[in-house]
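What follows is a single structure, written as structure tokens, with notes after it.
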Amino acid sequence: MANSLGFCIVGCGMIARYHTKALSEVPGAKLTALVSRTAGSAERMIAETGSTGVSVHTDLASALKAPNVDVVIITTPSGGHLEPAVLAAKAGKHVVVEKPLEITPERCDRIIEACDQNKVKLCTIFPSRFLDSNTALHDAVVQGRFGRMTLGETTCKWWRSQAYYDEGGWKGTQALDGGGALMNQAIHNVDLLLWMMGDATHVSGFTAMLAHERIEVEDTAVACLQFASGALGVIQATTSVHPGLPKTIGVHGDRGTAVIEQEDILRWEFASPLPSDESIKQRFAQKVGASGGASDPKSISHQGHARQLADFVQAIQGNRPPMVDGREGRKAVALICAIYESMRTGRVVKI
């Protein structure tokens, strides 16, 4: 571990390939093992990604015995994160979990507790926090440039075909997806909104399944919320809007407003301008953002993953908390589950 950290990926689906590509660009990190229920899936992934020196395992327990495994990345279906994460923590391995951390706050808590008890670090993957336009927005929030925060809003008006749900096996199921457009797709937006606006205290929401068949979760959702600061917020999330639109986040206050579409800044206006504002607007008005998966889940960049995994390696080496730990990852899950509770009960839910 003195030279580089060995990473084991559990689950060899689409998102595991993004982690593999990201790891290849992270100093001090090396992919050393893959875990898949079928060895063939892991071997195909190795061939597709050109990985070398990677051992293949059909169960996590055997991979955890390998001397070159220091960190375990969980990329299994969302409702299957708890068990491998706890097993890895008990083996003394640091843990990375793809979003969502789990599908209920209680299951998130069990992962967090296992990592705390075994003194290993835990990271929840939210790569949007590591994109330059979002970090610029967060810096402006921290600097107090918006004055009194009044409104935060985010939209994830995406499209997924019926085939997306039919071919995935676990997609659209309550047990393994934990929810639909909110829990699977828009959770990145929800996390960004909380990162910018602070913790939410109350929420009221509606969800519906309008454009698909044979799924147990929502493809359309809206929610109104109140933050601890007193500011209000709005969330829109879909997989039902054809052809799929770029995601947005907006932060507003009595001294400023900013709106980002994908990675491009559409509005950046403050009552007290700074010399750096013009360069920020020019830099992020160049349509630098990828489509971000608005209609195709494969159309995302691995850049955010690479930056977040680099932060996790540095956190381990420097014995500091990662930028997005388990408790940060839990917040979006808690808010989304509160929206689902509001829909079930018809009431405003206190978080």
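The values are calculated or read from the model by the stated rules, or taken from the named source; none is laboratory data. Everything numeric here is computed off the predicted structure, so don't read it as measured data. Positions of Cβ are backbone-derived with ideal geometry, glycine not excepted, and every protein chain shown enters the neighbour counts.
Which residues, counting only those in the stretch 305-320, are within 22 Å of THR75 (Cβ to Cβ) and not aliphatic (A, V, I, L, M)?
Looking only at the stretch 305-320, we keep the residues that are within 22 Å of THR75 (Cβ to Cβ), and these are 305-316.
Correct list: HIS305, ARG307, GLN308, ASP311, PHE312, GLN314.
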For the stretch 110-133, which residues satisfy the criterion of being hydroxyl-bearing (Ser, Thr, Tyr) and touching a strand residue (DSSP E or B) at 6+ places or on another chain (Cβ under 8 Å)?
THR124, SER133
Could you tell me how many of the residues in the stretch 95-114 are surrounded by fewer than 24 Cβ atoms within 10 Å (Cβ to Cβ) and assigned to a helix (DSSP H, G or I)?
8
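Among the residues of the stretch 299-351, write down those that are more than 19 Å from ALA208 (Cα to Cα), in contact with a Gly (Cβ under 7 Å, 6 or more places away or on another chain) and surrounded by fewer than 21 Cβ atoms within 10 Å (Cβ to Cβ).
Let us first name the residues in the stretch 299-351 that are more than 19 Å from ALA208 (Cα to Cα), namely 299-332, 334, 350-351.
Retained after the next criterion (residues that are in contact with a Gly (Cβ under 7 Å, 6 or more places away or on another chain)): 299-300, 313, 317.
Result: SER299, ILE300, GLN317.
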For ALA85: the one exception among (1) in a helix (DSSP H, G or I); (2) surrounded by fewer than 21 Cβ atoms within 10 Å (Cβ to Cβ):
(2)
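Would you mind listing the strands (runs of 3 or more DSSP E) fully within the stretch 227-324 where at least 1 residues are within 17 Å of the chain's Cα centre (by Cα) and over 26 Å from TYR18 (Cα atoms)? Steps first, please.
Details: elements: 232-238, 248-253, 256-261, 264-270.
By residue number, 232-238.
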Any residue at all in the stretch 132-139 that is in a helix (DSSP H, G or I), crowded, with 19+ Cβ neighbours inside 10 Å, at pLDDT 95 or above and polar (S, T, N, Q)?
yes
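Is it fair to say THR154 is within 18 Å of the chain's Cα centre (by Cα), among the β-branched types (Val, Ile, Thr) and either within 30 Å of GLU269 (Cβ to Cβ) or buried (at least 21 other Cβ atoms within 10 Å of the Cβ) (or both)? First the steps, then the outcome.
Values: within 18 Å of the chain's Cα centre (by Cα): yes; among the β-branched types (Val, Ile, Thr): yes; either within 30 Å of GLU269 (Cβ to Cβ) or buried (at least 21 other Cβ atoms within 10 Å of the Cβ) (or both): yes.
Considered against the rule, which asks whether it is within 18 Å of the chain's Cα centre (by Cα), among the β-branched types (Val, Ile, Thr) and either within 30 Å of GLU269 (Cβ to Cβ) or buried (at least 21 other Cβ atoms within 10 Å of the Cβ) (or both), THR154 comes out as yes.
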The conditions are (1) within 19 Å of MET14 (Cβ to Cβ); (2) out of contact with any Ser or Thr (no Cβ under 9 Å at 6 or more places or on another chain), and CYS123 fails exactly one of them. Which is it?
(1)
